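**Student:** Can you read through this structure? Questions will come right after.
The values are calculated or read from the model by the stated rules, or taken from the named source; none is laboratory data. Just so you know, these numbers come straight off a predicted model, no measurement behind them. Cβ: placed from backbone, ideal geometry, glycine included. Neighbour counts: every protein chain shown.
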Amino acid sequence: MGVLGGAFDPPHLGHVALARGGLQRFALERLLVRVVAEPGHRTVTAPAEARLRLAELAFEVVAEAEVALDPHPRTVDSLAALGLSDPVFLVGADEFASFATWKEHDRVLDLARLGVATRPGYPRERLEAVLAGLARPERVVFFEIEPQPISSSSIRARIAAGEPVDGLVPAAVAVEIDRLGLYRLPLGHG
């Protein structure tokens, strides 16, 4: 069993690539995609229900994915509530670089193995420094995926500027963002 959690504000093709790469690398039969309702580590722009709908659309191309809203702001609490037997929690290298700042990060490694997606050229020393500070570094497995130079913040900025997001988010997600009017600047700005 795999778990992929996040704000998904909005979900993009990098998230889908992470899911597919993790499913393949760990031979996972199911992947729980958890849309964090109120993330403890960042401010979100779109409401939880809208982000849930966007994630459902983004991951509909991943047959093994089951998308649900996560009421827990922190990963450790979410994993504890799920009570899964040794799942793989998927994260990108950028998220792992800040892993030592996560709430009870060593307990996260008791509850799940971490599957960390890296990309060619990512500075390995940043990852090694985090590993060196962990109580159970053997619970972290790195795997490589194709680079996806995409971030949710840059997508929000493009939408606010009226720029297209084709090739950055799944087509169905772009349509729904437009339909819901998400991430646009309020009238009177810009």
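**Student:** Taking region 137-166 on its own, how many of its residues are within 16 Å of Leu57 (Cα to Cα) and surrounded by 11 or more Cβ atoms within 10 Å (Cβ to Cβ)? Please lay out each step first, then the result.
**Tutor:** The first filter runs over region 137-166 and keeps only residues within 16 Å of Leu57 (Cα to Cα), leaving 152, 165-166.
Checking which are surrounded by 11 or more Cβ atoms within 10 Å (Cβ to Cβ) leaves us with 152, 165.
Going through region 137-166 one residue at a time, the tally reaches 2.
**Student:** Report, by residue number, each residue of region 64-90 that is touching a residue at least 40 places away in the same chain (Cβ under 8 Å), closer than 23 Å to Phe143 by Cα and of a type in the set (A, V, I, L, M).
**Tutor:** Ala65, Leu79, Leu84, Val88, Leu90
**Student:** Could you say whether any residue in region 77-89 is part of a helix (DSSP H, G or I), under 15 Å from the mean Cα position of the chain (by Cα), over 13 Å from Leu4 (Cα atoms) and at pLDDT 95 or above?
**Tutor:** Within region 77-89, not a single residue is part of a helix (DSSP H, G or I), under 15 Å from the mean Cα position of the chain (by Cα), over 13 Å from Leu4 (Cα atoms) and at pLDDT 95 or above.
**Student:** Would you confirm, using the coordinates I've provided, whether Ala97 is over 19 Å from Ala7 (Cβ atoms) and without any contact (Cβ under 8 Å) to a residue 60 or more places away in the chain? Spell out how you get there, then give the answer.
**Tutor:** On the way: over 19 Å from Ala7 (Cβ atoms): no; without any contact (Cβ under 8 Å) to a residue 60 or more places away in the chain: yes.
The answer is no for Ala97.
**Student:** Determine if region 129-136 includes at least one residue that is crowded, with 17+ Cβ neighbours inside 10 Å, assigned to a strand (DSSP E or B) and either touching a helix residue (DSSP H, G or I) at 6+ places or on another chain (Cβ under 9 Å) or of a type in the set (Lys, Arg) (or both).
**Tutor:** no
**Student:** Just checking, does region 21-30 include any residue being out of contact with any strand residue (DSSP E or B) (no Cβ under 6 Å at 6 or more places or on another chain), surrounded by fewer than 19 Cβ atoms within 10 Å (Cβ to Cβ) and in contact (Cβ under 8 Å) with a residue 12 or more places away in the chain?
**Tutor:** yes
**Student:** Another question about this same structure. If I filter region 49-97 down to residues being polar (S, T, N, Q) and either closer than 26 Å to Leu182 by Cβ or in contact with an Asp or Glu (Cβ under 7 Å, 6 or more places away or on another chain) (or both), which single residue comes out as surrounded by the most Cβ atoms within 10 Å (Cβ to Cβ)? Please lay out each step first, then the result.
**Tutor:** So the first thing to find is which residues in region 49-97 are polar (S, T, N, Q), and the list is 75, 78, 85.
If we keep only those that are either closer than 26 Å to Leu182 by Cβ or in contact with an Asp or Glu (Cβ under 7 Å, 6 or more places away or on another chain) (or both) as well, we get 75, 78.
Values: Thr75: 30, Ser78: 21.
Among those residues, the one meeting the criterion is Thr75.
**Student:** Of all residues in region 158-174, which are within 20 Å of Ala17 (Cβ to Cβ) and acidic (Asp, Glu)?
**Tutor:** Correct list: Asp166 only.
**Student:** Same structure again: Please go through region 137-178 and pick out each residue that is assigned to a strand (DSSP E or B), more than 30 Å from Glu104 (Cβ to Cβ) and modelled with pLDDT under 95.
**Tutor:** Pass one, region 137-178, residues assigned to a strand (DSSP E or B): 140-144, 166, 169.
Okay, now just the ones that are also more than 30 Å from Glu104 (Cβ to Cβ), so 166, 169.
Result: Asp166, single match.
**Student:** Being of a type in the set (Ser, Thr, Tyr), touching a helix residue (DSSP H, G or I) at 6+ places or on another chain (Cβ under 7 Å) and in contact (Cβ under 8 Å) with a residue 60 or more places away in the chain, is that true of even one residue in region 173-184?
**Tutor:** Initial filter on region 173-184 (of a type in the set (Ser, Thr, Tyr)): 183.
Still in the list and also touching a helix residue (DSSP H, G or I) at 6+ places or on another chain (Cβ under 7 Å): 183.
From what is left, the residues that are in contact (Cβ under 8 Å) with a residue 60 or more places away in the chain are 183.
Yes, region 173-184 contains a residue that is of a type in the set (Ser, Thr, Tyr), touching a helix residue (DSSP H, G or I) at 6+ places or on another chain (Cβ under 7 Å) and in contact (Cβ under 8 Å) with a residue 60 or more places away in the chain.
**Student:** Of all the residues that make up region 38-63, how many are outside any helix (DSSP H, G or I), within 19 Å of Val3 (Cα to Cα) and either without any contact (Cβ under 8 Å) to a residue 60 or more places away in the chain or not charged (D, E, K, R) (or both)? Even if it seems obvious, please write down each step before you answer.
**Tutor:** Initial filter on region 38-63 (outside any helix (DSSP H, G or I)): 38-47, 60-63.
Still in the list and also within 19 Å of Val3 (Cα to Cα): 38-41, 60-63.
Of the ones still in play, those that are also either without any contact (Cβ under 8 Å) to a residue 60 or more places away in the chain or not charged (D, E, K, R) (or both) are 38-41, 61-63.
Residues that pass the stated criteria total 7.
**Student:** Right, another one. Can you tell me how many residues in region 106-128 are surrounded by fewer than 18 Cβ atoms within 10 Å (Cβ to Cβ) and in a helix (DSSP H, G or I)?
**Tutor:** 7
**Student:** Another question, if that's okay. Residue under question is Pro10, and the condition is that it be outside any helix (DSSP H, G or I), modelled with pLDDT under 95 and either crowded, with 16+ Cβ neighbours inside 10 Å or not β-branched (Val, Ile, Thr) (or both); does it hold? I'd like the intermediate steps shown before the answer.
**Tutor:** On the way: outside any helix (DSSP H, G or I): yes; modelled with pLDDT under 95: no; either crowded, with 16+ Cβ neighbours inside 10 Å or not β-branched (Val, Ile, Thr) (or both): yes.
No.
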